[in-house]
Amino acid sequence: MTSKADREAVLTELYKSMFPVVAKYVAKMGGSFDDAKDVFHDALIIYYEKVVTGGLSVANDKAYITGIAKHLWFKKFNQAISTKPMDDIHFDIADEPAEHPSTNRILQYLQTAGKRCMDLLSAFYYDKLSMKEAGDKFGYAGERSVTVQKYKCLEKVRETVKQQSLEYADFIE
């Protein structure tokens with residue numbers, strides 16, 4: 001068993017060599033110097049308790065302490081975020097431009113699939129008809145036939161968009 005002076009020397013050496021590493025990590029992750037001290041002290045205590053009880057067998061003590069500190073910071077950081085009241089968070093929605101998809105442009109590409117497809121897609125998405133109701137309305141044999149036809153209609157539109165190399169921005173007003 002090591003003496004008290006030996007243990008103090010080891011802990012002092014670990015503190016000098018490891019605290020700057022942990023402090024840098026915590027600062028990089030948005031923490032303060034006091035946060036870094038708290039996390040490092042907790043990590044050092046956990047490490048010391050494991051060593052004293054003999055339940056620790058690691059190849060690199062410094063890496064182990066750093067890992068504990070990162071884990072503790074991650075836990076503390078997530079708790080701080082999850083307990084922050086929504087009143088303290090400021091959302092400035094007015095600064096963001098109001099981008100809305102252009103209905104005319106979207107309709108233009110939907111119409112390339114044909115009138116029958118437009119009617120089917122409109123009934124399904126706009127009128128909220130079920131597959132059975134759409135099948136009855138358009139004279140399909142069953143729900144599966146309507147599903148296949150709806151898929152084919154959407155594929156026609158996708159193919160048009162793909163052929164013209166369109167992107168989301170092309171649909172914005």
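Model label sites at Leu154 and Ala141, defined 7 Å from Cα along the beta-carbon direction, differ in position by 2.3 nm. With 25 Å as the limit on Cα-Cα distance, the pairs of Lys137/Lys162; Lys4/Lys76; Lys16/Lys76; Lys28/Lys50; Lys128/Lys162 that go past it are Lys137/Lys162; Lys4/Lys76; Lys28/Lys50; Lys128/Lys162. Loop-resident trypsin sites (Lys or Arg not before Pro) (DSSP state other than H, G, I, E or B) in the stretch 111-157 with no more than 15 further Cβ atoms inside 10 Å of their Cβ: Lys128.
No value in this document is a laboratory result; all are computed from the given coordinates. Bear in mind that the values here come from a model prediction, so they are computed numbers and not experimental data. Glycine gets a Cβ as well: all are built from the backbone with ideal geometry, and neighbour counts include every protein chain shown.
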